[in-house]
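First comes the structure, then the notes that go with it.
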Amino acid sequence: IDSTFAYQGVAKGLGAAYIDQLNELSIQGYKPNYTFFLDLAPETAFARKGGADETDRLELLGNSFHQRVYEGYITLCEREPERVIRVDASGTKAETQQKLRESFLSLGIIG
């Protein structure tokens, strides 16, 4: 439901209200307990992975599309901060892993 909101609702312009209605019809009140959003600007993410995968149609949609997807996830973080957990992923892999672990611990997901 979160990726549908970010990709179709925001990035593809179908609108938050429309996607919220579709999601509610399909999930009938059930939602994931948590979504962890690894917060990293799209241009940084693509630079880290060596550019867009030429076989992935979504990756080929360009930087402005991916910026809108990113903004969709930021909106989710703001709308549901108890459920959508924003984790700064700008550091190293080890730093990001540690931040995730700390989030899991603080939420009681791991002990």
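For Rg/Rh (Cα atoms, Kirkwood Rh), the candidate list reads (1) 0.99; (2) 1.03; (3) 0.93; the entry that matches the value derived from this model is (1).
Solvent-accessible area per residue in the chain equals 64 Å², computed with a 1.4 angstrom probe and all protein chains kept.
For Lys49, the lysines whose Cα comes closer than 21 Å to its Cα, not counting residues fewer than 8 places off in the same chain, are Lys93, Lys99. Across the chain, C-alpha contacts under 8 Å between residues 6 or more apart give a mean separation that, scaled by the residue count, equals a relative contact order of 33 percent. The Phe46 and Ser90 beta-carbon pair, evaluated with R₀ = 22 Å, returns a calculated FRET efficiency of approximately 0.95.
One chain, two ends: Arg83 and Leu38. Fully extended at 0.36 nm per residue, the span grows by 14.8 nm beyond their Cα-Cα distance. Think of it as helices only: each DSSP H run of n ≥ 4 in the chain is worth -39500 (n - 2.57), and spread over all residues that comes to -15000 deg cm²/dmol at 222 nm.
Per atom type, the stretch 34-86 shows carbon and sulfur on 53% of its accessible surface, probed at 1.4 Å.
The values are calculated or read from the model by the stated rules, or taken from the named source; none is laboratory data. None of these values were measured; they are calculated from a predicted model. Quick reminder, even Gly has a Cβ in these numbers, built from the backbone with ideal geometry, and neighbours come from all protein chains shown. These area figures cover heavy atoms from the full protein model, side chains too; ligands, DNA and RNA do not enter into them. Shrake-Rupley method; radii C 1.70, N 1.55, O 1.52, S 1.80 Å.
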